Structures are given as C-alpha cells and as structure tokens.
Amino acid sequence: MSGAPRGPELLEITANAGVVQARQLVRTLAQECRFSLVEQTKLITAASELARNTLVHGGGTMTALLVEERGRRGVRLVFTDQGPGIADVDLALTDGWTSGSGMGLGLSGSKRLVDDFVLDTATGQGTTVTITKWVR
C-alpha cells in the first residue's frame, strides 16, 4: 500500500448496480493491497455473494477499507442489510441452506474464502457481516 492512507468507502447496495460497484471497488482495493490473482478472486467472489445477500434482504451498504494490523495488511468489508435478521445462525452457515431461491452457498462459501468472518444479526434488526482478507 503506497501513498496516503485510504479512508473507508461506503457504497449503497439497493439495486443490481450496487452489486457491480461493490465488485469493482473490491477488485481495486485487492490490487492496491497487492493480493495474488487467486486471492483477489476469492475476495471478489465473497464480496459478490455478500453484496447479493445484502440486496436480496432489503438492501443496505458495504463499507470497504484497507487495514493494517500486527504487521499484516488486508482488505476489510462490512455488509449491512435491513432484512429480517437470521433466526438460526448455525443453520444459515450450513452449505445448501437458503432463505430464498439461492444455492445456499452465500454465507458459508464466503466464510471459507476469507480469513476473518464475523456475523452479527438479530431477528427483526437486520444483519451485518464483516470479512477481512489478509495478504499472504
């Protein structure tokens, strides 16, 4: 990461265009952070799945930022939706489980593709998913 630190960037995800913008921003940040092509693809795929979930569950936001912690650098993404929340988190993280018409790989697949995954949800209050991918 070179130059001045980049502050958090906030994207609205209220239409398909927001999902596309999220992917583009994540690609840019991953390249700035100098991820390998494979690691870029993993992060972009996770971001795409979580952005799509955000859109499907009432819309919301993605906050993206470059982070440095304990000598490591990476990209952190925070997805917040206005949906109904997740009643059974363990079930929602099971491959194949879906709350709608998806393939059921969004949350569980995204979790496998990143280094840190935090899910914060409450029934009736929406969901926030924070993911971080570190440069190897």
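The values are calculated or read from the model by the stated rules, or taken from the named source; none is laboratory data. Because the structure is predicted, anything quoted here is derived from the model rather than measured. Please note: Cβ atoms are built from the backbone with ideal geometry, for glycine as well, and neighbour counts cover all protein chains shown.
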- Enumeration of residues in the stretch 32-84 that are surrounded by 16 or more Cβ atoms within 10 Å (Cβ to Cβ), outside any strand (DSSP E or B) and in contact with a Lys or Arg (Cβ under 8 Å, 6 or more places away or on another chain): Cys33, Phe35, Glu39, Gln40, Lys42, Leu43, Ile44, Ala46, Ala47, Ser48, Ala51
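Residues in the stretch 1-25 that are in a helix (DSSP H, G or I) and exposed (fewer than 14 other Cβ atoms within 10 Å of the Cβ): how many?
The qualifying residues number 4.
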- Given the conditions (1) assigned to a helix (DSSP H, G or I); (2) among the β-branched types (Val, Ile, Thr); (3) under 11 Å from the mean Cα position of the chain (by Cα), every one holds for Thr28 apart from (3)
- Message: Tell me whether the stretch 65-84 contains one or more residues that are in contact with an Asp or Glu (Cβ under 7 Å, 6 or more places away or on another chain), free of Cβ contacts under 8 Å to residues at least 40 places away in the same chain and closer than 24 Å to Trp134 by Cβ.
- Response: no
- Query: Quick check: is even one residue across the stretch 98-120 modelled with pLDDT of 95 or more, surrounded by fewer than 17 Cβ atoms within 10 Å (Cβ to Cβ), outside any strand (DSSP E or B) and in contact with a Lys or Arg (Cβ under 8 Å, 6 or more places away or on another chain)?
  - Reply: yes
- Tabulated pairs, the stretch 123-136, first under 24 Å from Ala30 (Cβ atoms), second among the charged types (D, E, K, R) and surrounded by fewer than 17 Cβ atoms within 10 Å (Cβ to Cβ), C-beta under 6 angstrom, 6+ apart or interchain: Thr128/Asp120; Thr132/Asp115; Thr132/Asp116; Lys133/Asp115; Trp134/Arg72; Trp134/Asp115; Val135/Arg73
